[in-house]
Amino acid sequence: MNTTQRAVLIRSYGGASAAEVGRIERPEARQGQVLVGVRAAGVNGIDWKVREGYVRDAFPLQVPAVLGIELAGVVEAVGPGASRFRVGDRVMGSLGGLGAYTDFVTVDEANLSRTPDGLDDVQAAAIPVAAVSAWQSLYHAGPVRSGQRILIHGAAGGLGGYAVQYAKRAGAEVFATAATAHVEYVRSLGADHVIDYQTQRFEDIARDIELVLDYVGGEVLDRSWQVLTQTGAVVGTSSPDILARTPAGRRGLWFMNRPDAGLLEKLAADIANGTLKFRVSEVVGFEDIPAAIERNRTDSRTGKVVADFSY
Ligand SMILES: NC(=O)c1ccc[n+]([C@@H]2O[C@H](COP(=O)([O-])OP(=O)(O)OC[C@H]3O[C@@H](n4cnc5c(N)ncnc54)[C@H](OP(=O)(O)O)[C@@H]3O)[C@@H](O)[C@H]2O)c1
C-alpha cells in the first residue's frame, strides 16, 4: 500500500519557489484526533507570510513543513479518545496551526465542525479562518453596540466581507475601504459608506470612529489613529508590531485568531441558508497551490481562493 501522499511544503524560508509539491508519510490519528481525507483547502495570506519567514516568531517551524491552515473533507479514521465524529462524516475547520495542504491530515477533533448539507467541500474550505477571524476580531476590543461607528480596512477581502456583515447585524454604522473595482461589491454587503482608497483618503471621510478593524496593516494602520475618538481602538490582524506602532494615549490591539468549532458551525449554517454572504473568487487544483499562494501576495481580489484536491 502507498503510504505517502501529496503535500505542499517548504524546506526553507524563501520566495515563490520555496513552496513546492512533494510527498510525505501519511499520519495516524492520535489521542483526541481524527484523520481527515482533505477534499479542499482555503488559500490564505498567512501562507506566503509563513513561506517567507515573515511570521517565524508566531509560527516557529521545523522544516520540511506542510503549509495550509484550513480545510474541508471527510473523516477517514478516529483516534483513541475521540468521540465527536464517525468515519464518513463531512467536516470543516481551521487547524490552529499548519498542515492542511496534504491528502490526509490529523486534526484535534475539537477544532472541527460538521459541514452543512447545503455546502460543497470547496465552499466549506473557504469559510473557517475568514468567517471566525472576522467575528473574533470584531468583538476583540469589547461589545459592539447599535450606532457604533466602525471603519473596516480591506473590506473586499476574506475577513472584511464577513466583518462588514457582522457589524451591520450588530447595528453599527459601517465605513469600509476598498479598491475602485470592489466598491460595488462592498456596498452590496451592506456597508453604509464605502471609501475608494484609490481616489479618496479615508481620513477625510471617516471621523469619530470608535473601532477600526485593520485587515491591511502598514501605512494604513499608521494613518488610522487620527480617525479615532478618544476612547476608540484599532484592532489589527496584519501588522504584528501594532503595539510598538501605537501612539501614546491610543488603544491598539493585536488580534490572533483561534479555532472555535461551535462558532464556525453557526456561521457555516448562516452561509448555507443564505443569511450570510460569502464569495469564492478562484478555485485551483492541487499542483497550482504554490502559485496561488504567491498570487495571494501580489494580486487583489474579492473573497477567497480555494484549492480543490480532486484535480
Ligand atoms: N492575526 C490573525 O489571526 C489573522 C487571521 C486571518 C487573517 N489575518 C491577516 O489579515 C489580513 C486580511 O486577511 P484576508 O484573508 O481577508 O486577506 P485578503 O483576502 O487578501 O484581503 C485583504 C484585502 O485588503 C484589500 N486592500 C489592499 N490594500 C488596501 C488598502 N490600502 N486599503 C484598503 N484595503 C486594501 C484588498 O482588497 P482591494 O482589492 O479592495 O484592495 C484585499 O481584498 C491578512 O494580512 C491576513 O494575513 C490575520
Extreme residue, farthest from HIS153 (Cα to Cα), among residues of the stretch 192-228 that are assigned to a loop (DSSP other than H, G, I, E, B) and open to solvent by less than 10 Å² (accessible area, probe 1.4 Å): ALA206
Cβ-Cβ under 6 Å pairs, at least 6 apart or on other chains, the stretch 101-120 side within 18 Å of ALA29 (Cα to Cα), far side charged (D, E, K, R) and assigned to a loop (DSSP other than H, G, I, E, B): PHE104/ARG26; GLU109/ARG84
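Any idea which residue in the stretch 229-240 is farthest from PHE255 (Cα to Cα), counting only those that are away from the ligand (no atom under 15 Å from the Cβ) and open to solvent by 50 Å² or more (accessible area, probe 1.4 Å)?
Among residues in the stretch 229-240 that are away from the ligand (no atom under 15 Å from the Cβ) and open to solvent by 50 Å² or more (accessible area, probe 1.4 Å), the one farthest from PHE255 (Cα to Cα) is GLN230.
Table: residues versus (1) touching a residue at least 60 places away in the same chain (Cβ under 8 Å); (2) crowded, with 18+ Cβ neighbours inside 10 Å; (3) within 14 Å of GLY97 (Cα to Cα).
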{"residue": "ALA41", "(1), (2), (3)": "yes, yes, yes"}
{"residue": "ASP47", "(1), (2), (3)": "yes, yes, yes"}
{"residue": "ARG56", "(1), (2), (3)": "no, no, yes"}
{"residue": "ALA72", "(1), (2), (3)": "no, yes, no"}
Criterion violated by PHE85 - all others in (1) in the same structural domain as LEU276 (by TED's automatic domain parsing); (2) open to solvent by 30 Å² or more (accessible area, probe 1.4 Å) satisfied: (2)
Pair list, Cβ under 6 Å, 6 or more apart: the stretch 181-207 residue within 19 Å of GLY303 (Cα to Cα), other residue among the basic types (Lys, Arg) and open to solvent by 20 Å² or more (accessible area, probe 1.4 Å): GLY190/LYS168; VAL194/ARG187
Breaking point among (1) of a type outside the set (A, V, I, L, M, F, W, C); (2) in contact (Cβ under 8 Å) with a residue 24 or more places away in the chain; (3) open to solvent by 40 Å² or more (accessible area, probe 1.4 Å); (4) at positive phi, for GLY303: (3)
Residue, farthest from GLY142 (Cα to Cα), within the stretch 251-261, restricted to residues that are in contact with a Gly (Cβ under 8 Å, 6 or more places away or on another chain) and open to solvent by less than 70 Å² (accessible area, probe 1.4 Å): ALA261
Residue, modelled with the lowest pLDDT, within the stretch 150-184, restricted to residues that are touching a helix residue (DSSP H, G or I) at 6+ places or on another chain (Cβ under 9 Å) and open to solvent by 30 Å² or more (accessible area, probe 1.4 Å): LEU159
Meets criteria (buried (at least 16 other Cβ atoms within 10 Å of the Cβ) and aliphatic (A, V, I, L, M)) for ALA248: no
Strands (runs of 3 or more DSSP E) enclosed by the stretch 105-191 - at least 2 residues per element that are within 12 Å of the ligand (Cβ to nearest atom): 149-153, 173-178
Failed item, numbered, when ASP117 is tested on (1) open to solvent by 40 Å² or more (accessible area, probe 1.4 Å); (2) within 16 Å of LEU35 (Cβ to Cβ): (2)
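Residues checked against (1) closer than 21 Å to GLU70 by Cβ; (2) in a helix (DSSP H, G or I); (3) away from the ligand (no atom under 15 Å from the Cβ); (4) among the acidic types (Asp, Glu):
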{"residue": "ALA248", "(1), (2), (3), (4)": "no, no, yes, no"}
{"residue": "ASN257", "(1), (2), (3), (4)": "yes, no, no, no"}
{"residue": "GLU265", "(1), (2), (3), (4)": "yes, yes, yes, yes"}
{"residue": "ILE271", "(1), (2), (3), (4)": "yes, yes, yes, no"}
{"residue": "ASP288", "(1), (2), (3), (4)": "yes, yes, yes, yes"}
{"residue": "ALA292", "(1), (2), (3), (4)": "yes, yes, no, no"}
{"residue": "ARG297", "(1), (2), (3), (4)": "yes, yes, no, no"}
{"residue": "VAL306", "(1), (2), (3), (4)": "yes, no, no, no"}
Failed item, numbered, when VAL87 is tested on (1) in a loop (DSSP other than H, G, I, E, B); (2) more than 16 Å from the ligand (Cβ to nearest atom); (3) more than 21 Å from PHE309 (Cβ to Cβ): (3)
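The values are calculated or read from the model by the stated rules, or taken from the named source; none is laboratory data. Keep in mind that what you see is a predicted model, and the values were worked out from it rather than measured. Virtual Cβ from ideal backbone geometry, glycine too; neighbours counted across all protein chains shown. Note: areas computed on protein heavy atoms with side chains; ligands, DNA, RNA excluded. Shrake-Rupley method; radii C 1.70, N 1.55, O 1.52, S 1.80 Å.
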